[in-house]
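The values are calculated or read from the model by the stated rules, or taken from the named source; none is laboratory data. All figures in this text were calculated on a predicted structure; none of them were measured in a lab. Every residue, glycine among them, receives a Cβ derived from its backbone with ideal geometry; neighbour counts consider all protein chains shown.
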Amino acid sequence: MLSSQDAKVEAELVVLSQSQIQKILDAFLSAPERPEYTMNFYQLDGYVRAMTLGPEPVALEEWLPLVFVDQDPNFSDKEQELFIIHTLNCLYNMHKVQLLSSLCDLPCVNQYSEIRSERINIEQWARGFMQGFIVCQNHWNFFLEEGQTDGQLPAIIKNTIYDEIDATISIISSVADAEYALSQGITTAELERIFCQLPEQIIEYGKVGQLIRKYM
């Protein structure tokens, strides 16, 4: 239970804008007090986006530890902890709103460049998304493989869902590691198309989770 002081701090917190969320979390995650290999903001944003797209909600307590590689985030005090948790919840809710509005407002440019430093932010975003997908896999499998939906998903819809998931992971994987994609025979022109296609594919992937919820 929150102390009266903690409750007061929590009550004073307000909904943050997208730019405020990025500024706050970028500064917090990159601070030297954080554990080594803590996610940067772009990884976090992709990771949280994946958390919001599954067939059921994922509690913050389930996905937060991986952000700090299962180590103590080293909050300076309770007030900072409450504020950062609030900011993370704002980020999560922002992505939920985008999901319901069929939007994918990426925090960086999704344009392929042969110069890695020019594509590093979107690459990090995609890697964060892949981590989120892995965390959510059990949720997906629970509903797709174990028939945990009312009246069962029609076979044709289930096949469509698997195809959409495969298409999304293929695109995300190519963005996350363009060098490997090139080594596997994907051309530069195809990578340019894949990078540009990323927001649209994320939106379609989100519709898959919504479709499963429709049958729950």
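Summary of computed values
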read-out	value
Leading residue by the ranking (modelled with the highest pLDDT) among those in the stretch 200-216 that are in a helix (DSSP H, G or I) and exposed (fewer than 13 other Cβ atoms within 10 Å of the Cβ)	E200
Per-region count, the stretch 45-87, residues within 18 Å of C136 (Cα to Cα), in contact (Cβ under 8 Å) with a residue 12 or more places away in the chain and not polar (S, T, N, Q)	20
Members of the stretch 96-130 found to be closer than 14 Å to F41 by Cα and in contact (Cβ under 8 Å) with a residue 24 or more places away in the chain, listed by number	L106, P107, C108, N121, I122, E123, Q124, W125, A126, R127, G128, F129
Filter result for I194 (at pLDDT 85 or above, farther than 20 Å from P55 by Cα and outside any helix (DSSP H, G or I))	no
Among residues of the stretch 111-167, those that are among the hydrophobic types (A, V, I, L, M, F, W, C), at pLDDT below 95 and part of a helix (DSSP H, G or I), counted	14
Some residue of the stretch 36-53 being at positive phi, surrounded by fewer than 18 Cβ atoms within 10 Å (Cβ to Cβ) and among the hydroxyl-bearing types (S, T, Y)	yes
Residue within the stretch 7-17 that is touching a helix residue (DSSP H, G or I) at 6+ places or on another chain (Cβ under 8 Å), among the β-branched types (V, I, T) and modelled with pLDDT of 95 or more present	no
